[in-house]
1. Identify, please: which residue in region B:85-110 is more than 10 Å from chain A (Cβ to nearest Cβ) and of a type in the set (D, E, K, R) and is, among those, farthest from the chain's Cα centre (by Cα)?
2. For the structure I just gave you, tell me whether B:Ala88 is crowded, with 20+ Cβ neighbours inside 10 Å, under 22 Å from B:Val28 (Cβ atoms) and out of contact with any strand residue (DSSP E or B) (no Cβ under 6 Å at 6 or more places or on another chain).
3. Do you know which of the residues in region B:44-65 that are buried (at least 20 other Cβ atoms within 10 Å of the Cβ) and not aliphatic (A, V, I, L, M) is modelled with the highest pLDDT?
4. Which ones in region B:63-84 are in contact with a Ser or Thr (Cβ under 8 Å, 6 or more places away or on another chain) and facing chain A (nearest Cβ under 7 Å)?
5. Taking B:Leu194 as the residue in question, decide whether it is in contact with a helix residue (DSSP H, G or I) (Cβ under 6 Å, 6 or more places away or on another chain), surrounded by 13 or more Cβ atoms within 10 Å (Cβ to Cβ) and within 30 Å of A:Gly20 (Cα to Cα).
6. Is there a residue in region B:205-216 that is modelled with pLDDT of 90 or more, exposed (fewer than 14 other Cβ atoms within 10 Å of the Cβ) and in a helix (DSSP H, G or I)?
7. Looking at (1) within 19 Å of the chain's Cα centre (by Cα); (2) surrounded by fewer than 16 Cβ atoms within 10 Å (Cβ to Cβ), which is the only condition B:Phe169 fails?
8. Return the residues of region B:228-261 that are assigned to a loop (DSSP other than H, G, I, E, B) and farther than 23 Å from B:Ala213 by Cα; say none if nothing qualifies.
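The values are calculated or read from the model by the stated rules, or taken from the named source; none is laboratory data. All figures in this text were calculated on a predicted structure; none of them were measured in a lab. Backbone-built Cβ (ideal geometry, glycine too); neighbour counts: all protein chains shown.
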Amino acid sequence: MEPTRDITLSDVLNRLLDKGLVINADIIITVAGIPLVCVALRAVVAGIETMLDYGMMEDWDRRIREGQVK
Amino acid sequence: MEKPTASAPAELQGLRGTYLYCVAEGDVDPPFAAAGLEGKEVYAIEYMGLVAIACDCPPSRVEDAARVEKWMIAHQSVVDKAMERFGAVLPFGFGRIIAGDSGGNRVREWLESSHGILKRKLERVRGKAEYGVQVFWDQEIMTRRLMRDNQRIEGLRKEGEEKRGGTAFMHEIKLEKVIKEDLAARANECFRFLYRGVSELCEVKVERVYGSAEGGRMIANISCLLKDTQIKALGEILEKVNDEEGIYVRFTGPWPPYSFV
């Protein structure tokens with residue numbers, strides 16, 4: 001059996017969210033004490049996670065398979 | 001259900017930052033070039049042989065999840081390209097941003113303070129890549145096979161045919177319980193066979209996220225850190241698992257080592 005590069009959005013999300021290298025929070029310059037840019041992105045990402053939970057991702061799974069990264 | 005969206009608060013507009021993709025080691029001559037989020041030019045920030053791959057932060061107005069999806073694909077693309085160029089990389093997850101104008105300096109400071117740890121992490125993944133293994137279980141097929149092949153269950157079933165009324169009902173419940181337990185035991189056995197075989201070969205991480213697909217529901221979801229030379233051996237273990245009727249293996253990769261940093 002050989003590995004495939006035919007990956008889904010779920011595969012990408014499960015790696016890109018909550019994984020990867022950790023960096024000290026204190027080098028993230030904040031405005032009024034909150035890393036606002038990170039918060040904005042997390043909010044959208046949380047939205048995607050919610051959509052995943054509600055099973056609304058089938059279209060996206062298909063799309064990523066059709067026009068795949070490599 | 002309303003489609004979830006998020007827009008950046010007013011303070012964010014005009015805020016600048018440095019978006020981070022990964023850390024690598026090596027020579028940036030010729031320069032490493034790639035297109036990142038929103039097509040932004042990717043560049044390298046160096047310190048003593050370590051290289052952080054970054055780009056200027058994309059505009060902070062986030063309109064919809066579909067746009068973020070494109071960003072995630074761009075992120076994965078850049079990390080992939082960096083892995084091709086530099087060999088070993090330590091990928092950041094999505095959305096790691098250093099806000100402010102002096103991101104380059106802050107990254108250099110961080111590379112300096114974390115130099116030893118980063119070098120060690122790079123050694124751990126050098127010459128290897130991450131591969132994903134998922135095992136799917138078709139409940140219908142596995143149940144049918146169990147009913148057909150398991151003599152104890154066949155015996156219990158025959159016994160039940162002769163019963164009536166309340167005893168028949170109780171017997172049915174017992175039979176269902178036995179079937180359920182046998183199937184669970186079989187799924188566990190399958191997982192243990194996979195895990196034992198793979199962990200003898202390489203570093204393994206068991207994922208917390210499970211799901212389902214056309215093949216059924218997931219009974220195993222693991223990430224493996226493998227050298228090229230080990231792929232064949234892993235493939236052989238996976239074929240044994242996949243050969244069984246009702247069980248399907250999905251083998252993806254190579255990935256940058258998100259799970260091993």
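1. B:Arg108
2. yes
3. Among those residues, the one meeting the criterion is B:Cys55.
4. Of everything in region B:63-84, just one residue is in contact with a Ser or Thr (Cβ under 8 Å, 6 or more places away or on another chain) and facing chain A (nearest Cβ under 7 Å), namely B:Ala65.
5. yes
6. No, region B:205-216 contains no residue that is modelled with pLDDT of 90 or more, exposed (fewer than 14 other Cβ atoms within 10 Å of the Cβ) and in a helix (DSSP H, G or I).
7. The failed condition is (1).
8. Passing the criteria: B:Pro256, B:Pro257, B:Val261.
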